[in-house]
1. Suppose only helical runs count, i.e. DSSP H with n ≥ 4. What mean residue ellipticity at 222 nm does that imply for the chain under -39500 (n - 2.57) per run, divided by all residues and rounded to the nearest 500 deg cm²/dmol?
2. Ranked by Cβ crowding within 10 angstrom, fewest neighbours first, how are L43, L193 ordered?
3. If we count every other residue with Cβ under 13 angstrom of R36's Cβ, Lys/Arg +1 and Asp/Glu -1, where does the sum land?
4. Among C323, C188, which comes first, second and so on when ranked by fewest other beta-carbon atoms within 10 Å?
5. If the elastic network links every pair of Cα atoms under 10 Å, which of K359, K91, K269 fluctuates the most in the Gaussian network model of the chain?
6. Rounded to whole Å, give me the distance from the Cα center of the stretch 344-372 to that of the stretch 8-52.
7. Once you measure Cβ to Cβ distances between cysteines in the chain, which Cys have no partner under 4.7 Å?
8. Which of K213/K297; K86/K359; K7/K154 have a Cα-Cα distance over 25 Å?
Amino acid sequence: MDLIAFKHELIDYSQRIGIDKIGFTTADPFVELKARLYQQRTLGYQSGFEEKDIERRTEPRAIMPEARSIISIALAYPTKMENRPKNTREKRRGNFARASWGQDYHDVLRSRMEQLMAFISKHIPDALIESMVDTGALSDRAVAERAGIGFVGKHTNLITKDYGSYVYLGEMLTNIPFHPDQPVENLCGDCNLCVDKCPSGALVQGGQLNAQKCIAFLTQKKDFIPEPYRKLIGNRVYGCDTCQQVCPYNRGMNVHHHMEMEPDPEKVKPELKSLLHMSNRQFRETFGEMAGSWRGKKPIQRNAIIALGNYKDATAVDDLLDCMEKDPRPVIRGTAAWALGEIAKQEPKVYDKVSERLKHALEQEVDPQVLREIKHSLTHLLEK
């Protein structure tokens with residue numbers, strides 16, 4: 001088969017099925033990435049969500065011994081929505097990052113890659129193909145960068161010429177020896193906006209991410225969020241877009257190519273108080289198709305409680321008291337105690353009520369972490 005001609009056919013087909021960018025690279029090891037990943041591990045920068053085996057992350061043939069090429073694809077996603085719901089004092093709202101708008105992008109990309117795989121198999125029946133999106137061993141960004149789709153910016157996201165960094169990435173390992181595309185030049189230059197504007201200082205050394213400080217990572221943790229980071233979370237209930245929003249290459253980017261990615265305003269800007277008492281079933285029915293639901297409802301509810309504390313929302317006091325006194329989960333009880341303290345410090349009309357209930361909770365609580373949160377709030381209220 002004429003693989004040069006077939007590559008062009010595959011590119012044409014990818015455009016017909018709604019793939020915004022496609023690139024090809026070899027299955028050679030990712031040598032520079034390997035060194036950087038070992039450094040990140042030594043520094044304690046990793047999130048714990050990634051593949052633990054660095055060799056598998058950087059050696060494509062450790063996944064598929066017959067691999068000769070990697071096909072990288074990118075789908076652009078929207079950054080603005082119509083009918084944005086109002087955020088009022090009576091109805092404070094949270095925020096899901098744009099990467100969780102619409103249908104779970106893992107499913108959307110897998111659907112496109114399944115079509116690509118079928119097209120390849122039709123023309124090359126003995127082709128070996130293995131696809132992955134985000135949760136696979138390989139680094140989506142490293143593959144896409146080497147395949148010429150874009151360059152990795154200082155915010156660690158891939159930046160494309162046509163869509164900025166607002167793209168989802170996936171890749172396919174194959175034994176077909178496609179001619180590789182050339183990487184593009186890194187154009188960050190002296191710009192340091194993303195590093196300077198990162199709320200928690202998680203971007204370090206221009207292109208390194210300390211995941212342990214990253215707001216997007218912290219919103220996905222299931223445990224208590226360290227107190228110094230709670231105010232930095234603001235009203236985010238999942239993810240963080242700050243480093244992308246300030247990037248010059250994202251100015252004016254707002255692509256609506258894929259209906260599956262269009263946001264439901266009420267879901268991506270949810271009322272915070274409505275999140276607090278959702279059952280598992282209600283949560284799945286409301287948010288189950290979104291990428292931001294993958295860790296379950298507890299992190300979302302904890303983040304909603306933090307957001308209410310940051311808003312100093314006195315209308316949420318009864319809901320938060322209910323969480324502190326009745327919820328079986330220590331993370332929810334303790335975070336509610338913190339939020340109640342934040343609100344009572346600023347709202348005199350609820351000060352006495354909150355103080356008394358915190359004192360009562362102190363007598364009833366047995367979990368040591370929750371007790372620390374209650375004592376912390378009481379101490380700060382007494383200092384007021």
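1. It comes out at -13000 deg cm²/dmol, rounded to the nearest 500.
2. Exposure proxy ranking, most exposed first: L43, L193.
3. Once positives and negatives cancel, what remains is +1.
4. Fewest-to-most Cβ neighbours within 10 Å comes out as C188, C323.
5. Top of the fluctuation ranking is K359.
6. 48
7. Singleton cysteines: C188, C191, C198, C214, C240, C247, C323.
8. Violating the 25 Å limit, Cα to Cα: K86/K359; K7/K154.
Any read-out appearing in this document is the output of simple, stated calculations on the displayed coordinates, not a laboratory observation. What you see is a predicted model, and the numbers here were worked out from it, not measured in a lab. Don't worry about glycine lacking a Cβ; one is built from the backbone with ideal geometry, like all the others, and counts go over all protein chains shown.
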